[in-house]
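A.B. asks: Just passing along the structure, written as structure tokens.
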Amino acid sequence: MTKPNDNLVAGKPLIRLGNVSHPTLTIYRAPARKNTGAAILVCPGGGYNILALDLEGTEVCAWLNSIGVNAALLKYRVPKRAGQDRHVAPLQDAQRAFGMLRQRAPEFGIDPRRIGVLGFSAGGHLAAALCSQPARTYLLVDDADRTDPRPNFSILIYPAYLTVKENGDAPPAEIKITTNTPPAFLAMTQDDPVRVENAIFYTRALQRAGVPVELHLYPKGGHGYGLRRTADTVTTWPDRAADWMRGGGWLKATR
């Protein structure tokens, strides 16, 4: 869906992929000499209309591989289906993908106890919904759907739709935060047009539930920068996220 006059990010164009009717899961293995056994399901953003497939997808997988993390890129269905909330089909895709990762962990060479999720913008909402749903939102297909559908940790970058402004910025119905919600890392800017309250109030809800959370709030940088470095300090968030993962023990190889 990319057009010649679309805005550039860090001086480069990006892939805006639309009309996804068949979801896919693509595995990017970390180099053997660096492989920690950890894995992350990557959920690009795009307002549940398109997917920023390189900016918030393949480029992110390359970074994860560089720090020894296996990446699994989810191409979920967009745009929203008629008669459904915008997140319904994407959440089904994310749950199915996560179950496949857990079930096939030995085949992929990953530790099923160290599989996280990383989402951007709408993908951040999808990641949060995945973390808060204790059961599948579709009829079971096979043994992959009998695994725990919740990630071990989550990374949410400029997440959208995490609060309902008209309801005092409470979480939406599909995001149910409990003591069993996985630990989270969040990064966002005060000038984000999506509203920084998404990150702030989500963090507060996690804190009230006793869930470990780390929030990095930056003064400027806007929205949709992925991990492309600019003069804005918010684009150093990958370094902070890597430190957080190391501190949580998720990057420590278990051999």
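A.B. asks: I need the full set of residues from region 137-159 which are on the phi < 0 side of the Ramachandran plot, in a loop (DSSP other than H, G, I, E, B) and either within 17 Å of the chain's Cα centre (by Cα) or not acidic (Asp, Glu) (or both), in order please.
C.D. replies: Residues satisfying the conditions are 137, 138, 139, 140, 141, 147, 149, 150, 151, 152, 159.
A.B. asks: Can residue 222 be described as at pLDDT 95 or above, touching an Asp or Glu at 6+ places or on another chain (Cβ under 8 Å) and in a loop (DSSP other than H, G, I, E, B)? Don't jump to the end; show me each part of the working.
C.D. replies: On the way: at pLDDT 95 or above: yes; touching an Asp or Glu at 6+ places or on another chain (Cβ under 8 Å): yes; in a loop (DSSP other than H, G, I, E, B): yes.
Answer is yes for this residue.
A.B. asks: Anything in region 88-118 that is surrounded by 17 or more Cβ atoms within 10 Å (Cβ to Cβ), part of a loop (DSSP other than H, G, I, E, B) and of a type outside the set (D, E, K, R)? List them, or say none.
C.D. replies: Selection gives 110, 112.
A.B. asks: Let me ask something additional. Among the residues that make up region 45-61, is at least one of them in a helix (DSSP H, G or I), touching an Asp or Glu at 6+ places or on another chain (Cβ under 9 Å), surrounded by 21 or more Cβ atoms within 10 Å (Cβ to Cβ) and small (Gly, Ala, Ser)?
C.D. replies: No.
A.B. asks: Additional query: Determine whether region 14-24 contains at least one residue that is free of Cβ contacts under 8 Å to residues at least 40 places away in the same chain and in a strand (DSSP E or B).
C.D. replies: yes
A.B. asks: Please pick out the residue among 68, 109, 57 that is out of contact with any His (no Cβ under 8 Å at 6 or more places or on another chain), modelled with pLDDT of 95 or more, more than 29 Å from residue 201 (Cβ to Cβ) and among the small types (Gly, Ala, Ser).
C.D. replies: 68
A.B. asks: Could you check region 191-236 and list, in sequence order, the residues that are charged (D, E, K, R), surrounded by fewer than 14 Cβ atoms within 10 Å (Cβ to Cβ) and farther than 24 Å from residue 247 by Cβ?
C.D. replies: Across region 191-236, the qualifying residue is only 220.
A.B. asks: Let me ask something additional. Being touching a residue at least 40 places away in the same chain (Cβ under 8 Å), small (Gly, Ala, Ser) and either in a loop (DSSP other than H, G, I, E, B) or in contact with a strand residue (DSSP E or B) (Cβ under 6 Å, 6 or more places away or on another chain) (or both) is the filter here; which residues of region 225-248 pass it?
C.D. replies: Scanning region 225-248 gives 226, 241, 248.
A.B. asks: While we're looking at this one, here's another question. Could you figure out which of (1) touching a Gly at 6+ places or on another chain (Cβ under 7 Å); (2) in contact (Cβ under 8 Å) with a residue 40 or more places away in the chain; (3) under 19 Å from residue 245 (Cβ atoms) isn't true of residue 67?
C.D. replies: Unmet for residue 67, out of (1) touching a Gly at 6+ places or on another chain (Cβ under 7 Å); (2) in contact (Cβ under 8 Å) with a residue 40 or more places away in the chain; (3) under 19 Å from residue 245 (Cβ atoms): (1).
A.B. asks: Within region 71-87, restricting attention to residues that are more than 13 Å from the chain's Cα centre (by Cα) and crowded, with 17+ Cβ neighbours inside 10 Å, which residue is nearest to residue 154 (Cα to Cα)?
C.D. replies: 87
A.B. asks: How many residues does region 160-199 contain that are touching a residue at least 12 places away in the same chain (Cβ under 8 Å) and not in a loop (DSSP other than H, G, I, E, B)?
C.D. replies: The total comes to 11.
The values are calculated or read from the model by the stated rules, or taken from the named source; none is laboratory data. Here the structure is a predicted model, which means the values were calculated and not measured. When we count neighbours, we look across all protein chains shown, and the Cβ atoms used for this are built from the backbone with ideal geometry, even at glycine.
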